[in-house]
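Working notes for the structure below.
The values are calculated or read from the model by the stated rules, or taken from the named source; none is laboratory data. As the structure is a computational prediction, the values presented were derived from the model and not from experiment. Cβ placement follows ideal geometry from the backbone for every residue including glycine, while neighbour counts extend to all protein chains displayed. Surface areas here come from the heavy atoms of the whole protein model, side chains and all, with no ligands, DNA or RNA. Shrake-Rupley method; radii C 1.70, N 1.55, O 1.52, S 1.80 Å.
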Amino acid sequence: MIRRVIHPMAVTFEPFSAALFVAKEAEFLSIAADIPGDYWQREHFLAELPEKWTLSFTLFEAGMAIGYAILSRPEISRVHLHHFMVHAEHRGGGHGGEMIGECIRRTRATGAKTLSLKVAADSSAAQRFYLRHGFAEKSRVGEYLRLECALP
């Protein structure tokens, strides 16, 4: 079990698991509640994906889930970030950057060379966030942009 303290005020990364989601389902679903059109529901959190349960993690503060990153490894050389959220009350304080850093650390630990994600083409704020953290646009897929971060 990987447990990392990232801030002195008891903020930690904890493994994401199906059992954790079921136990704290309302907390997880509330994290993205302010995002219009966010489609993630119970079945998305519980879907089986390659290496999802070892790569994904939850951000906790004082025992409450305040963010999460759901990752999988669809290819040997690539990890994909499926869903990444920080609760509205905790955005803007550096948690997102710390979480992207953790995604990159976990991707490197697998030996993969690329971390990919899709972001809504009309979400300029999310695009700026990811570009600021080393991602580059690779293609457009319908209403989404595919971004990648190449890892040395």
**Message:** Would you work out the Kirkwood radius for segment 86-150? I mean one over the mean of 1/r across all pairs of different Cα atoms, in Å.
**Reply:** 12.5 Å
**Prompt:** Solvent-accessible area per residue for the chain at a 1.4 Å probe radius, Å²?
**Reply:** 51 Å²
**Item:** Set of aspartates and glutamates near residue 113 by C-alpha distance (under 18 Å), chain-local residues within fewer than 8 positions excluded
**Value:** 51, 75, 102, 137, 148
**Asked** residue 29 versus residue 49, label points 7 Å from Cα toward the beta carbon: distance in nm?
**Response** 2.0 nm
**Request:** Would you please calculate the Kirkwood hydrodynamic radius of segment 38-111 over all C-alpha pairs and express it in Å, rounded to one decimal?
**Result:** 13.0 Å
**Asked** In nm, to one decimal, how far is the residue 108 label point from the residue 150 one, both placed 7 Å along Cα→Cβ?
**Response** 1.7 nm
**Message:** Over the chain, what is the relative contact order in percent, taking alpha-carbon pairs closer than 8 angstrom and at least six residues apart?
**Reply:** 17 percent
**Prompt:** How much of the accessible area of segment 65-152, in percent, comes from carbon and sulfur atoms when a 1.4 Å probe is used?
**Reply:** 50 percent
**Message:** With +1 assigned to the C-beta of every Lys and Arg and -1 to the C-beta of every Asp and Glu, and no other charges, what is the dipole magnitude of segment 38-152 about the Cα centre in debye, to the nearest 20?
**Reply:** 420 debye
